[in-house]
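Worksheet for the structure shown next.
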Amino acid sequence: MRSRHQALVAVLAAVLAVVLWVLSRGTVEVIPPAVEPPVEGVVQRSVTDPWLLVAATVSAGVAMVFATLAILRITSPQAR
């Protein structure tokens, strides 16, 4: 695999990691707890999907590995 292909895989994996991270986050509206002074309206809480976070972490790791391989391939004397 040439260094350009490895760099392209690294970029795609990094973009996938960011997309998965954004998709893993969400908000839900819940009724506020009974506290003094009372809270009006609803409370927004953020929730995350742990499996999407795991997939984003793995994708980020793949991006780092392929970026490292692409850099090593460019700088190695045997690549030319």
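Values in this text are rule-based calculations from the coordinates and carry no lab data. Given the structure is predicted, the values throughout are model-derived calculations rather than measurements. Every residue, glycine among them, receives a Cβ derived from its backbone with ideal geometry; neighbour counts consider all protein chains shown.
Any residue that is of a type in the set (Val, Ile, Thr) and surrounded by fewer than 12 Cβ atoms within 10 Å (Cβ to Cβ) - is there at least one of those in segment 58-79? Within segment 58-79, one or more residues are of a type in the set (Val, Ile, Thr) and surrounded by fewer than 12 Cβ atoms within 10 Å (Cβ to Cβ).
Scanning segment 2-36 for residues that are in contact (Cβ under 8 Å) with a residue 60 or more places away in the chain and assigned to a loop (DSSP other than H, G, I, E, B) gives a single hit, Arg2.
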